[in-house]
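Single-structure report; data block below.
The values are calculated or read from the model by the stated rules, or taken from the named source; none is laboratory data. Computed from a prediction, not measured in an experiment: that's the story for all the values here. Here the Cβ is made from the backbone with ideal geometry for all residues, glycine too, and neighbour counts use every protein chain on show.
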Amino acid sequence: MNDAFGSVRSVLVLGGGSDIGLATAQRLVQRGARRVILAARKPDDLADAAASLRASGASSVETTAFDADAFQTHPAFLEQVFSGPGDIDAVVLAFGVLSDQVRAEADAHYTLDILRTNFLGAVSVLLPLADRMAAQGHGCIVVLSSVAGERGRRSNYVYGSSKAGLDVFCQGLGDRLAPLGVQVLVVRPGFVRSKMTKGLKAAPFAVSPEEVAGVIVAGMASGAPVGWAPPRVRWVMSALRHLPRPLFRRLEI
Ligand SMILES: NC(=O)c1ccc[n+]([C@@H]2O[C@H](COP(=O)([O-])OP(=O)(O)OC[C@H]3O[C@@H](n4cnc5c(N)ncnc54)[C@H](OP(=O)(O)O)[C@@H]3O)[C@@H](O)[C@H]2O)c1
């Protein structure tokens, strides 16, 4: 339950090993959150992350199994999480997979796996989650979209399309839930130096997971529907979005 000042007291991270998800949980704990639930495919691997959150001040850190691809398990997973003590004030949907575009173009099964996790898995858990949050009448769902969803680019349109689908779904979900007291915050990071991008050449305006967490916490506090990390990628993407296609095709992006 949010405290008397509206601060988040409890947070659920879907994709609990995500660098961005963990940085956000850390930031929320530093600001007063006391209960954290890390939900991941391999919850036993999260002992160090849980210890770090406890050291930062969390009084309860639970780790539990969650697989975005196992759609049929999502309602029971949420039943288990929401039957715990108190409400869930914030949910961070942080799971996702980056695709190898060259492999994706040659392997439809691989491409469908990317779409399955990033879009279908998210929708599968978001629909019953939305009902739970609406029943509470408060809270925030943070969804990690990407600038890659802003405009299809030849270098990453498989990943980009999975994020575009997720982004549009969550814009509508946010409109549905706002009158019921629930915020949906869609966050569109550019390049983030995390496990996901390890070994890749950093793109311009690259940020750390902690900087994304800062954008998330600020967006939660202000009630914003959308956040950009760093904020200036909003203007870069706006320019790219409006570039005529013949010019856009000449860009090596
Ligand atoms: N890094 C970037 O440049 C960037 C930019 C824009 C948006 N994003 C988005 O931000 C989110 C967080 O990314 P990150 O940078 O924090 O990367 P990360 O550290 O690699 O985290 C991604 C997490 O997703 C989990 N995951 C993958 N498939 C899953 C599944 N089927 N079920 C449950 N969990 C699953 C992974 O868990 P395992 O340990 O089990 O593999 C991993 O913990 C992702 O949605 C990503 O697409 C990232």
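When GLY15 is tested against (1) closer than 24 Å to VAL182 by Cβ; (2) away from the ligand (no atom under 16 Å from the Cβ), exactly one condition is not met: (2).
Of the residues making up segment 177-196, just one is in a loop (DSSP other than H, G, I, E, B), touching a helix residue (DSSP H, G or I) at 6+ places or on another chain (Cβ under 6 Å) and either among the charged types (D, E, K, R) or within 17 Å of MET237 (Cβ to Cβ) (or both), namely GLY190.
The set of residues from segment 82-105 being part of a loop (DSSP other than H, G, I, E, B) and more than 16 Å from the ligand (Cβ to nearest atom) comprises SER83, GLY84, PRO85, GLY86, ASP87, ILE88, ASP89.
Within segment 233-240, not a single residue is surrounded by fewer than 16 Cβ atoms within 10 Å (Cβ to Cβ), touching a strand residue (DSSP E or B) at 6+ places or on another chain (Cβ under 6 Å), modelled with pLDDT of 95 or more and not hydrophobic (A, V, I, L, M, F, W, C). For segment 18-41, residues that are part of a strand (DSSP E or B) and within 14 Å of the ligand (Cβ to nearest atom) total 4.
Counting just the residues of segment 85-118 that are hydroxyl-bearing (Ser, Thr, Tyr) and surrounded by 17 or more Cβ atoms within 10 Å (Cβ to Cβ), which one comes out farthest from LEU28 (Cα to Cα)? Selected residue: THR111.
Of everything in segment 179-203, what is free of Cβ contacts under 8 Å to residues at least 24 places away in the same chain and more than 11 Å from the ligand (Cβ to nearest atom)? Give them in sequence order. Matches in segment 179-203: PRO179, GLY199, LYS201.
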